[in-house]
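Have a look at the structure below before the remarks.
The values are calculated or read from the model by the stated rules, or taken from the named source; none is laboratory data. It should be emphasised that the depicted structure is a prediction, and the values quoted were computed from it without experimental measurement. Here the Cβ positions follow ideal geometry from the backbone for every residue, glycine too, while neighbour counts run over all protein chains shown. With ligands, DNA and RNA removed, areas are computed over all heavy atoms of the protein, side chains included. Shrake-Rupley method; radii C 1.70, N 1.55, O 1.52, S 1.80 Å.
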Amino acid sequence: MFKNLTAAPADFLAWNWDDIEPYYRSLAERELDAGTVQDWLSDWSEIAGRVSEMYQRLYVATTVNTEDSAAQQRYEAYLDGIYPKAQEAEQKLKEKLLASSLEPANFAIPLRNLRTQAELFRQENLPLQTEELKLSNEYDRLIGAQTVAWDGGEITLSQLQPVYQEVERERRERAWRLAAERQLAARQAINELWVKYLDLRQQMARNAGFKDYRSYRWRQYQRFDYTPQDCRTFHAAIEQVGVPAARRVYENRRQRLGVERLRPWDLFVDPGGRPPLRPFGGAGELIEKTAAIFQQVDPQLGEYFEVMRREGLLDLDNRKGKAPGGYCTEYAVVHRPFIFMNAVGIHDDVQTLLHEGGHSFHVFETAGLPYLQQRDVPMEFAEVASMAMEL
């Protein structure tokens with residue numbers, strides 16, 4: 001078994017491919033049978049976990065500050081120098097395990113996933129996948145840079161969201177139009193990105209032998225339990241039942257607001273004319289109050305959240321230069337989650353932190369699984385923990 005692998009992120013974050021390759025080569029050359037498979041999988045998890053955590057930490061650094069050129073350079077150096085070679089090395093190990101016909105205990109689902117990943121792998125797609133990740137990073141920089149002048153200061157578009165809840169309609173409309181104008185200013189750049197994405201993804205699908213990107217992506221998402229036709233059936237149900245219901249909800253809102261026509265800036269204000277909810281004033285208060293909720297739900301969940309607070313694993317406030325959206329990711333070696341979001345003081349931010357908290361608890365709860373591949377779960381299953389926590 002590997003004895004000399006550093007566990008300190010500060011050490012392995014400085015690795016290049018020459019530091020990593022010997023471990024993969026050792027695994028590829030090692031004998032694999034029923035007597036050695038557990039140690040082999042453990043060592044695979046050890047090196048793959050470090051490569052994964054390298055990527056996640058470098059990626060996180062580009063999202064918390066899209067204007068950090070040094071973080072950007074480190075991330076792109078990883079994408080160019082390590083990512084494609086690691087993907088190729090991973091493929092060799094997947095093929096080795098699958099060719100062995102071994103079925104380790106509690107490994108049936110990971111084997112199914114690895115088989116699908118191995119079938120999708122194409123050497124010619126590696127530079128395309130690298131480029132796809134760079135395009136995502138470029139999108140984050142475009143959105144993170146968007147600000148407007150409002151009430152005498154420079155604010156982000158996200159920081160306009162509380163204004164959409166204010167009672168004064170003219171002010172809501174002015175804020176909404178200001179945001180729309182700023183978004184439209186980046187329209188050409190975003191459209192060009194979209195076209196690049198489209199070309200890349202269609203080419204990847206063709207390279208893998210699929211007639212369209214959706215078919216390819218379906219397999220890539222490891223969706224085994226439902227089909228595109230099931231989604232069409234669900235879409236039809238939404239059209240038949242959900243859309244008429246939504247129309248009734250919107251009509252009710254229009255009448256309560258007393259407006260002739262409902263507009264986009266009318267969708268978030270309280271229709272009864274009550275002042276907007278302001279559940280917290282900043283990230284500190286959001287963390288404090290959410291910690292109390294988790295502690296009330298279950299003391300163990302409360303302790304998990306305290307670990308994240310103590311170890312600086314929460315970046316919650318919106319600010320200029322921060323990537324859009326929210327996510328929870330996993331640092332595979334230290335068995336820690338990291339939550340990223342863009343809170344601006346509204347109720348949806350509370351829901352977002354509860355949601356991402358569910359993902360983080362999943363990370364803590366699965367830390368005891370012996371193999372990294374057992375912690376690779378598809379999106380639908382991952383969302384069970386987050387949506388349960390949110391609801």
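Below, the figures for the structure above:
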item: Residue that is surrounded by the most Cβ atoms within 10 Å (Cβ to Cβ) [pool: residues in the stretch 1-35 that are touching a residue at least 40 places away in the same chain (Cβ under 8 Å), in a loop (DSSP other than H, G, I, E, B) and aliphatic (A, V, I, L, M)]; result: 32
item: Hey, residue 363 open to solvent by less than 50 Å² (accessible area, probe 1.4 Å), in contact (Cβ under 8 Å) with a residue 60 or more places away in the chain and not hydroxyl-bearing (Ser, Thr, Tyr) or not; result: no
item: Residues being open to solvent by less than 30 Å² (accessible area, probe 1.4 Å) and either without any contact (Cβ under 8 Å) to a residue 40 or more places away in the chain or of a type in the set (Gly, Ala, Ser) (or both) - total across the stretch 314-336; result: 4
item: Residue check for residue 230: modelled with pLDDT of 95 or more and in a loop (DSSP other than H, G, I, E, B); result: no
item: Residues within the stretch 366-376 that are in a loop (DSSP other than H, G, I, E, B) and open to solvent by less than 50 Å² (accessible area, probe 1.4 Å), tallied; result: 3
item: Single match in 13, 97, 102 (criterion: touching a Phe, Trp or Tyr at 6+ places or on another chain (Cβ under 9 Å) and among the aliphatic types (A, V, I, L, M)); result: 97
item: Count - residues of the stretch 154-163 that are open to solvent by less than 30 Å² (accessible area, probe 1.4 Å) and either within 19 Å of residue 261 (Cβ to Cβ) or not hydrophobic (A, V, I, L, M, F, W, C) (or both); result: 2
item: In the stretch 345-354, the residues that are open to solvent by less than 30 Å² (accessible area, probe 1.4 Å) and either closer than 12 Å to residue 280 by Cβ or charged (D, E, K, R) (or both); result: 345, 346, 349, 350, 353
item: All positions within the stretch 276-297 that are open to solvent by 60 Å² or more (accessible area, probe 1.4 Å) and either modelled with pLDDT of 95 or more or more than 30 Å from residue 246 (Cβ to Cβ) (or both); result: 278, 281, 285, 288, 289, 293, 295, 296, 297
item: Meets criteria (assigned to a helix (DSSP H, G or I), in contact with a helix residue (DSSP H, G or I) (Cβ under 9 Å, 6 or more places away or on another chain), open to solvent by less than 40 Å² (accessible area, probe 1.4 Å) and farther than 25 Å from residue 112 by Cβ) for residue 175; result: yes
item: Test: residue in the stretch 128-143 that is over 23 Å from the mean Cα position of the chain (by Cα), within 30 Å of residue 78 (Cα to Cα) and in contact (Cβ under 8 Å) with a residue 40 or more places away in the chain; result: no
